[in-house]
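The values are calculated or read from the model by the stated rules, or taken from the named source; none is laboratory data. Note that this is a predicted model, so its numbers are computed, not measured. Using ideal geometry, Cβ is built from the backbone for each residue, glycine included, and neighbour counts are taken over all protein chains shown. Only protein heavy atoms, including side chains, enter the accessible area calculation; ligands, DNA and RNA are left aside. Shrake-Rupley method; radii C 1.70, N 1.55, O 1.52, S 1.80 Å.
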Amino acid sequence: MVGPTAGAAPAADAAAPVLIGIGVGGGSAVGPVARMAAPPALPAPHTVAPDRIPDERAAVRRALRETATDLRRRAEATDGTASEVLSAQALMADDPALGDRAEALVAEGTDGAHALAVAFGEFRTALEAAGGYFAERVADLDDLRDRSVARLLGLPMPGLPDPGHPHVLVAEDLAPADTALLDPRRVVALVTERGGPTSHTAILARTLGLPAVVGCAGAADLADGREVLVDGAAGTVRTDPSPEAVAEAAEGDRRRRERVARAHGPGRTADGRPVKLLVNLGGLGELPDAAAADSEGVGLFRTEFLFLDRAEAPGLEEQTAAYREVFTAFAGRRVVVRTLDAGADKPLPFVTAADEQNPALGVRGLRATVRDPRLLETQLAAVARAADGSGAEVWVMAPMVSLPREAADFAARVRAHGLPVAGSMVEVPAAALRSGELARACDFLSIGTNDLAQYTFAADRTLGSLAELLDPWQPALLDLVGTTAREGARHGRPVGVCGEAAADPTLALVLTGLGVTSLSAAPGRLGEVRASLAAHTLDDCRRLADLALTASDAASARAAVSEALG
Ligand code: PEP
Ligand code: MG
């Protein structure tokens, strides 16, 4: 059986080897491993002997032809953005000028792999020079080069694997660009060697509702085709699981689904304290699931996902159309738009300086848009136009605010566009420590626990090896959340959490006890969070928050709260 676990029967499975990482996404799934291979390394260059040149030319042509055929087959087997990207890549591989150039290089004695690399390199330069849409396709061209070279050399195909059946995707890590091609009908679970609880892969897994284990040491050694049981709640990957272990995991999933099915509607504690439950939204591809979710709106619209892979910022018209699509889908509900958050793990060529030594500490988020005010002005103008008459309650907030003055300037700019509600994210310890002043300077605060953990613990959020420091249960992080919630309440401002911490149904109780008034998470996570809130009173939540705050580290905070919950 492949896919989400099904069946029922208890019993552990002591014999099978277990890999341990950070569980995300909840639930479990079983299936064969399909590995994402690394791009091929070019061998040392060599000169092709004259009598071998015809064969080498034919091999280069064949590699391009077979790459195109494979991409077309994959395009037909999928739909939407993935199909469009794959078809466009197949067309590029078929371009006669590319094949002619590679063959001409072989005719001069260059070996096939280097001939392909040089020919693709020249096309890349031409695309970049053309700018606009063409320049945005350079990543697709690089992928095509790697595939053609791998085919020529008989190496494993790089990029997302397509074994033709449902599988557990195992990778070193996933880049934002990989995710457009990931087919959730084929991928039943994700396992990555790298990445922490707030890495891009973890966010993607929660968005797709896939069980995942990230930062999983030993994942690189899992062989293609090996059967594994991935448990996103426990953070384990069990190889060659017994039927009993699969059944036990399935039983856990069944109980979880039952719990979730019992709670609906606006979030509230057992004694009626409202806690707004909102969804996080990335690109427009996520919109149908996000809009269909039982939520009171969007708590974090990551607008930079519309800009990824772009060489230039989309213009006013294009942005307006994209925002309008979102606002219309959420008519009657709230949408919190976050202005462009470029930099660090989300670099954008037209915003991010290439020469920063520490991009996470550099000109990112609001800092970048203030340096180039046109970006922010165009974005706010587009949001205002799209909001007009859409029926959605549109709020706007800035990422990476560090000073009350920045919050006040941003709020003034937002209001100048006729948008009435402006807020600040709290992702930098300085912002949390001065959250009272920040709250006075704008209308609401939203705590980004992913970056707040990164900056509080000086721990790169993309590093799985620092997962303990990035754990949102760390009492020092919870201190900052508590301070922000208290200061927000003192100034009559709502304070939400939109980082990945909000997706943890037990931590949601602690956040509520600390005074947070809304939680925003991937659509698939809201059910469990809602069920958890509905089962506990505000006093329960406050007691749990005290337990977590008085613990000395994340593990003991989690253990103290679990023990109290019984
Ligand atoms: C955060 O930092 O917690 C957050 C919500 O923003 P992002 O994950 O997009 O940086
Ligand atoms: Mg952030």
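Has segment 247-260 got at least one residue that is at pLDDT 90 or above, under 20 Å from Leu519 (Cβ atoms) and in contact with a Gly (Cβ under 8 Å, 6 or more places away or on another chain)?
No, the conditions are met nowhere in segment 247-260.
When segment 507-566 is examined, which residues are found to be charged (D, E, K, R) and closer than 12 Å to Pro475 by Cα?
Within segment 507-566, Asp546, Asp553, Arg558 meet the criteria.
Can you find even one residue in segment 52-75 that is closer than 30 Å to Leu287 by Cα, open to solvent by less than 80 Å² (accessible area, probe 1.4 Å) and out of contact with any Leu (no Cβ under 8 Å at 6 or more places or on another chain)?
Yes, that holds for at least one residue.
Could you tell me whether any residue of segment 506-516 is part of a loop (DSSP other than H, G, I, E, B) and either in contact with an Asp or Glu (Cβ under 7 Å, 6 or more places away or on another chain) or on the phi > 0 side of the Ramachandran plot (or both)? So that I can check it myself, show each step before the final result.
Initial filter on segment 506-516 (part of a loop (DSSP other than H, G, I, E, B)): 515-516.
Applying the additional criterion that residues be either in contact with an Asp or Glu (Cβ under 7 Å, 6 or more places away or on another chain) or on the phi > 0 side of the Ramachandran plot (or both) yields 515.
Looking through segment 506-516, at least one residue is part of a loop (DSSP other than H, G, I, E, B) and either in contact with an Asp or Glu (Cβ under 7 Å, 6 or more places away or on another chain) or on the phi > 0 side of the Ramachandran plot (or both).
Any chance segment 392-403 includes a residue that's assigned by TED's automatic domain parsing to the domain that holds Gly496, without any contact (Cβ under 8 Å) to a residue 40 or more places away in the chain, within 16 Å of ligand 2 (Cβ to nearest atom) and in contact with a strand residue (DSSP E or B) (Cβ under 7 Å, 6 or more places away or on another chain)? Please lay out each step first, then the result.
Restricting attention to segment 392-403, the residues satisfying the condition of being assigned by TED's automatic domain parsing to the domain that holds Gly496 are 392-403.
Going one step further and asking which of them are without any contact (Cβ under 8 Å) to a residue 40 or more places away in the chain, we end up with 401-403.
Filter once more, keeping what is within 16 Å of ligand 2 (Cβ to nearest atom): 401-402.
Narrowing further to those that are in contact with a strand residue (DSSP E or B) (Cβ under 7 Å, 6 or more places away or on another chain): 401.
Looking for residues that are assigned by TED's automatic domain parsing to the domain that holds Gly496, without any contact (Cβ under 8 Å) to a residue 40 or more places away in the chain, within 16 Å of ligand 2 (Cβ to nearest atom) and in contact with a strand residue (DSSP E or B) (Cβ under 7 Å, 6 or more places away or on another chain), one finds at least one in segment 392-403, hence yes.
So Leu348 ticks every box in (1) within 23 Å of Phe457 (Cβ to Cβ); (2) in a loop (DSSP other than H, G, I, E, B); (3) within 15 Å of ligand 1 (Cβ to nearest atom) but one. Which box is left unticked?
Every condition holds for Leu348 apart from (1).
Of the residues that make up segment 235-257, is at least one open to solvent by 10 Å² or more (accessible area, probe 1.4 Å), closer than 20 Å to Asp341 by Cβ and not in a strand (DSSP E or B)?
The answer is no, given that none of the residues of segment 235-257 is open to solvent by 10 Å² or more (accessible area, probe 1.4 Å), closer than 20 Å to Asp341 by Cβ and not in a strand (DSSP E or B).
So which residues in segment 511-531 are open to solvent by less than 20 Å² (accessible area, probe 1.4 Å) and touching a Pro at 6+ places or on another chain (Cβ under 6 Å)?
If the condition is that a residue be open to solvent by less than 20 Å² (accessible area, probe 1.4 Å) and touching a Pro at 6+ places or on another chain (Cβ under 6 Å), then Val529 is the only one that fits.
Take residues that are open to solvent by 10 Å² or more (accessible area, probe 1.4 Å) and away from ligand 1 (no atom under 13 Å from the Cβ) and tell me which of the strands (runs of 3 or more DSSP E) falling wholly in segment 379-474 contain 2 or more. I'd like the intermediate steps shown before the answer.
Details: elements: 393-398, 421-426, 444-447.
Once the strands (runs of 3 or more DSSP E) in segment 379-474 are filtered for at least 2 residues that are open to solvent by 10 Å² or more (accessible area, probe 1.4 Å) and away from ligand 1 (no atom under 13 Å from the Cβ), what remains is 393-398.
Restrict the check to segment 365-372 and report whether at least one residue is more than 17 Å from Asp409 (Cβ to Cβ) and within 15 Å of ligand 1 (Cβ to nearest atom). So that I can check it myself, show each step before the final result.
Filtering segment 365-372 down to residues more than 17 Å from Asp409 (Cβ to Cβ) leaves none.
Looking through segment 365-372, none of the residues is more than 17 Å from Asp409 (Cβ to Cβ) and within 15 Å of ligand 1 (Cβ to nearest atom).
Taking the stated definitions as given, is Ala555 within 25 Å of Ala261 (Cβ to Cβ), aliphatic (A, V, I, L, M) and open to solvent by 40 Å² or more (accessible area, probe 1.4 Å)?
It is false that Ala555 is within 25 Å of Ala261 (Cβ to Cβ), aliphatic (A, V, I, L, M) and open to solvent by 40 Å² or more (accessible area, probe 1.4 Å).
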